[in-house]
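Chemist: Dumping the structure here so I can ask a few things about it.
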Amino acid sequence: MADSGESSTIRNELRKHQRYLMVYIAFVELFIVMGPLYNYSILFLSFQKEFHTSAALTGWVGSIANAIFGICGPLCAPLILRFGLRTMTLVSSVIFSIGLAATSFVPSLLYAYFTFGILVGVGAGTVVQAVMTLVVHWFPGKSCTRGLAMALVGTSCCVLTFVPLFNTLTSAYGWRNALRIVSGGSLVITLVHGCFIVEPEQVETSKSITEEGGGYKMVETDIGEKDDGDQPRVVTETVGKRIYKLLHQSEAWLWLTAGVLLNIGWTFVAINFASFMEYDLHFTANQISITFVLFAVGEIIGKCCFSAFGGRIPFLKLYCVAAGSLLGGAASGVMILLRTVPLMYTVAALTGLFRSACYTMSFIAGLELFGEYGADIVVMIPNIPYAIGVLIGAPVSGVLYDLTGDYTLSLLVVLATFACSVALMLAIPVRRRIKLTWKKKRRRNNRKVP
């Protein structure tokens, strides 16, 4: 009996540390697949110089890739349930790398809409849906903030690394060979790490998914460490049915619309930021790289802070997202007036900090607001507004630049979208308080009735 108890303790310890291995794997996968998407503004400059296309048409390549990345969540969730997180991660990693390699051979920008826009977008979107669901499964309850924040640091590290790496490779070998090198490295790293993905025993997926129309049973409990108040949740409905129920909530529409507006604003950083610095501020390639590095450092610091202390925040995480959006809008307004390098460096670092609040805490806020619909739905919620926001934001900034010759009007639009997103987000707790007040009044009136 003693041996049995000792082996059980060892097994629990291994499982406790295994979930941090899963976070590391998610970190690496996010680092690799989000590099080309979050830093498309570097490719933007190479494409525009090579193919002599307008800012709107060139931006659409990255816009489509980022949009498809977000849409892949709901489309791939049933496939992930059917084939498993590991299988879908490995297959999607191959698609992602093929897309990068194929882009290096395109004779015109039109082909890049398929190779980069679709293949890279589909591969990255499916990988992100799989690994983020993996982290939520291993870190349910209050510990989810810690797990997700640690994994999402990978999306900031890719900015820190990819921009100087790609600029260096492009200067030495040209952008086509740079893409081939990145493609080969991405394939090896994602496949090696993806092979070690393990789903927790507490998440049971039905083997008869086809017969039951996609239904499954999921029981989530914390592994190794248990936070007070965490309770197992059982989800037995299909993905489609849960999405249908979610879309019948007005709060869901407020959150999704706010997310679209927020992502229209942040799209400027992903797609047009480098172009803005080169054409409006006349920065050199080295200064652009330093700006992105400082932006990434600010974002990493923010995500590390949220990882350490985010679970202890005593109020709705929605307020963190709203604050990040509000400050991001303020930074956009300051950029209109900026014309010096040191000030731009400072604002870039602060902007990274603000974006970390939006992109890290949006998953946690979604879990607080809509966690009853399951981990896979919670992961989808930020991705869909991201897809729509990028699809709108990039061409809007590009068209305004083509019409006016600079990015001043684009930054004003970004400021407006951030402000509107904050208003919609804050409408959710206001609506909840009004509903609670009405319920209390109704109860008091019912008690007064003899």
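The values are calculated or read from the model by the stated rules, or taken from the named source; none is laboratory data. Not measured: the values here are computed from a predicted model. So basically every Cβ, Gly included, is an ideal-geometry build from the backbone, and we count neighbours across all protein chains shown. Areas reflect the complete protein model, heavy atoms only, side chains present, ligands, DNA and RNA absent. Shrake-Rupley method; radii C 1.70, N 1.55, O 1.52, S 1.80 Å.
Chemist: Compute the accessible area per residue over the chain, keeping the other protein chains in place, probe 1.4 Å, unit Å².
Modeler: Computed with neighbouring chains in place, this is 42 Å² per residue.
Chemist: To the nearest 10 degrees, how steep is helix 250-267 against the longest Cα principal axis of the chain, on a 0 to 90 scale?
Modeler: It is inclined by approximately 30 degrees.
Chemist: How many times 2.2 N^0.38 Å is the alpha carbon radius of gyration of the range 340-395?
Modeler: 1.48
Chemist: So, one more: What angle, in degrees between 0 and 90 and rounded to the nearest 10, separates the Cα long axis of helix 318-337 from the longest principal axis of the Cα atoms of the chain?
Modeler: 10
Chemist: On a 1.4 Å probe surface of the protein chains, which of S46, S54 comes out largest in accessible area, and what is the full order?
Modeler: S54, S46
Chemist: Moving on. Below 8 Å, C-alpha to C-alpha, sequence gap of six or more: please give me the relative contact order for the range 308-418 in percent.
Modeler: RCO, the range 308-418: 36 percent.
Chemist: Specify which residue in the list F283, L254, I264 is farthest towards the positive end of the charge dipole of the range 245-325, using unit charges on the beta carbon of Lys, Arg (+1) and Asp, Glu (-1), about the Cα centre.
Modeler: Of the candidates, L254 comes out farthest on the positive side.
Chemist: Pick from A322, A102, A258 the residue whose mean-square fluctuation is largest in a GNM of the chain, springs joining Cα atoms under 10 Å.
Modeler: Among A322, A102, A258, the largest mean-square fluctuation in the Gaussian network model of the chain belongs to A102.
Chemist: While we're looking at this one, here's another question. What is the chain's relative contact order, in percent, from Cα pairs under 8 angstrom and six or more apart in sequence?
Modeler: 24 percent.
Chemist: Hey, another quick one. For a quick check, take a GNM of the chain with Cα springs below 10 Å and name the residue from Q48, Q249, Q18 with the largest mean-square fluctuation.
Modeler: Q249
Chemist: Please give the helix 375-404 orientation as an angle from the longest Cα principal axis of the chain, in degrees from 0 to 90, rounded to the nearest 10.
Modeler: The angle comes out at about 20 degrees.
Chemist: Let me ask something else about it. At 25 °C and 0.890 mPa s, grab the translational diffusion coefficient of the range 231-345 from Stokes-Einstein with a Kirkwood Rh over Cα pairs, rounded to a whole number in µm² per second.
Modeler: The calculation lands on 141 µm²/s.
Chemist: What number, in percent, do you get for the relative contact order of the range 22-127 if the mean sequence gap of Cα pairs under 8 Å and at least 6 apart is divided by its residue count?
Modeler: 37
Chemist: Quick one: compute a quarter of the convex hull surface over the Cα atoms of the range 109-181 and quote it in nm².
Modeler: Orientation-averaged projected area of the Cα hull: 5.9 nm².
Chemist: Pick out which of A331, A296, A357 has the largest mean-square fluctuation in a Gaussian network model of the chain, springs linking Cα atoms closer than 10 Å.
Modeler: The residue with the greatest mean-square fluctuation here is A331.
Chemist: Could I ask something else about it? Report in % the part of the accessible area of the chain that belongs to carbon and sulfur, leaving out ligands and nucleic acids; probe 1.4 Å.
Modeler: Here it works out to 67 percent.
Chemist: Assuming 1.306 mPa s and 10 °C, estimate D for the chain with Stokes-Einstein, Rh taken as the Kirkwood radius over Cα pairs, in µm²/s.
Modeler: It diffuses with D of about 70 µm²/s by this estimate.
Chemist: Work out how far the C-alpha atoms of the range 54-168 reach from end to end along every principal axis, then list the three figures in whole Å, largest first.
Modeler: Each principal axis gives a Cα extent; for the range 54-168 these are 48, 33, 23 Å.
Chemist: Taking Rh as the Kirkwood radius computed over C-alpha pairs, what is the Stokes-Einstein D of the range 317-446 at 20 °C in a medium of viscosity 1.002 mPa s, expressed in µm² per second?
Modeler: Translational diffusion coefficient: 127 µm²/s.
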